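The values are calculated or read from the model by the stated rules, or taken from the named source; none is laboratory data. Remember, it's a predicted structure, so these values are computed and weren't measured experimentally. Neighbour counts run over all protein chains shown; Cβ positions are idealised from the backbone, glycine included. Side chains are part of the model used for accessible areas, which takes the heavy atoms of the whole protein and leaves out ligands, DNA and RNA. Shrake-Rupley method; radii C 1.70, N 1.55, O 1.52, S 1.80 Å.
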Amino acid sequence: MWLMSVYASTGLAARLSGVFTGNMASLSVGELQEMEVDRRGESEESGDDETRRKSINGDVDPNQPTATSKEESPVDMDTITLDPEEEDVDLVHCRIGKIEGLEVLQKAKTLSLRQNLIKKIENLDSLSALRELDFYDNQIRKLENLHNLTELEQLDMSFNVLRKVEGLEQLTRLKKLFLLHNKISSIANLEHLTGLEMLELGSNRIRVIENLDSLTSLQSLFLGTNKITRLQNLDALHNLTVLSIQSNRITKIEGLQNLINLKELYLSHNGVEVIEGLENNKKLTTLDIAANRVKKIENISHLTELQEFWMNDNQIDNWSDLDELKNATSLETVYLERNPLQKDPQYRRKIMLALPSVRQIDATFIRF
């Protein structure tokens, strides 16, 4: 579970599947912040807790410091004390403007330089033992000078100003790559990263899913809040278990037939009209089609392993549609609010009778 913070921006709240719409006016800020919603499947290891809450959609917290709001003056690296024996080096929010003087960190395996004023990646050649490198929330415009970090397994470049993916050819051990909230317009230059397991490209400017054929080890792919119009070029990703493509321009569920190991599919805030194309995705445990244009729940009776079904903010008006979910005996969470069905005075009772395994209806747990 993860906490879904509700910010002043009602647009942001609405994008997060509209869970709190209609309740915000009657609750205090403190109460809203304490509300908890079970919404799994996000990129849980990119950024801090605030970013994790929004990563699945690529949404941005207006309170989160970003490059555009930085007015601090960089510090001189000579004023920062470095321990040559330290393996986990944390230099978060130190107002570092230029990377220098880190040569003493020969034993460092993880280096966090998040929330600084860094504009260029440089002077890291001697840190060849690094396994994790974190540049989250800086002002970096180019991926460069990383070729010596051949042991690197995790790289976080989220919240920078990168325009393209490049300079990663030597990082063949990389397993997790986070590029959330940059200005990247295309998926490219990843063919050497055959061991990559997690790829986060949410909140960029991507229009086409492409150039992923060599990433056969990929388990999680996050593409929320881009400009993608079609689900395509995913056939090679046989090991994919999580696919998030929320807040794009998808109108048809297609191209998923080879993703036989897919467990979590997030398609909310698109333009989907018909539930289809999931015949081979029998391992799905979470299906999120909230905030689309769907009029009927159909073609999912074979998804017997479903545990969470998100269908709020659509056009469902027939109670018999719930029969499609009766084979999912482990179904615990159903979101159907803001469909015509909700106008029924017996709304919750009818869901409970039709789906006796359900323990949560919309944001409210069932009391027995």
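LYS343: which lysines have alpha carbons under 21 Å from its alpha carbon, excluding same-chain residues fewer than 8 sequence positions away? Candidates past the 8-residue exclusion: LYS295, LYS296. Cross-linked pairs LYS164/LYS282; LYS142/LYS176; LYS175/LYS263; LYS119/LYS176: Cα-Cα separations exceed 28 Å for LYS164/LYS282. Dividing the mean sequence gap of close Cα pairs (under 8 Å, 6+ apart) by how many residues the stretch 84-161 holds gives a relative contact order of 28 percent.
Would you mind telling me the share, in percent, of accessible area of the stretch 84-161 contributed by carbon and sulfur at probe 1.4 angstrom? Provide the component values of the computation, followed by the final result.
On the way: 1300 of 3210 Å².
That fraction is 40 percent.
Available extension along the chain between VAL274 and THR150 is 40.1 nm, counting 0.36 nm per residue and deducting the alpha carbon span.
Neighbours of GLU191 by Cβ distance under 14 Å: Lys/Arg scored +1, Asp/Glu scored -1, total -4.
The 3J(HN,Hα) values that the Karplus relation (6.51, -1.76, 1.60; θ = phi - 60°) gives for the stretch 87-98 are, in residue order, 9, 10, 9, 10, 10, 7, 6, 9, 6, 6, x, 9 Hz. Gly and Pro appear as x.
Inter-label distance, ILE80 to GLU210: 3.8 nm, where each label sits 7 Å from its Cα along the C-beta direction.
Look at where the Cα atoms of the stretch 191-239 and of the stretch 268-288 average out, and the two centres are 17 Å apart.
Taking 7 Å steps out from each Cα toward its Cβ at ASP90 and SER320 produces label points 5.9 nm apart. In the context of the full set of protein chains, the stretch 84-161 has a per residue accessible area of 41 Å² (1.4 Å probe). Using θ = phi - 60° in the Karplus curve 6.51 cos²θ - 1.76 cosθ + 1.60, the 3J(HN,Hα) couplings for the stretch 342-348 round to 5, 6, 5, x, 9, 3, 5 Hz; x is entered for Gly and Pro. Per the 1.4 Å probe, what fraction of the accessible area of the stretch 207-362, in percent, lies on carbon and sulfur atoms? Result for the stretch 207-362: 42 percent of the exposed heavy-atom area is carbon or sulfur.
Treating only the Cβ of Lys, Arg, Asp and Glu as charged (+1, +1, -1, -1), what charge dipole size does the stretch 233-335 show about its Cα centre? Round to the nearest 20 debye. Walk me through the numbers on the way to the answer.
Working: 9 positive and 16 negative charges, 39 e Å.
The dipole magnitude comes to about 180 debye.
The residues neighbouring ARG230, those whose beta-carbon lies less than 13 Å from its own, together hold a net charge of +2 under the Lys/Arg +1, Asp/Glu -1 convention.
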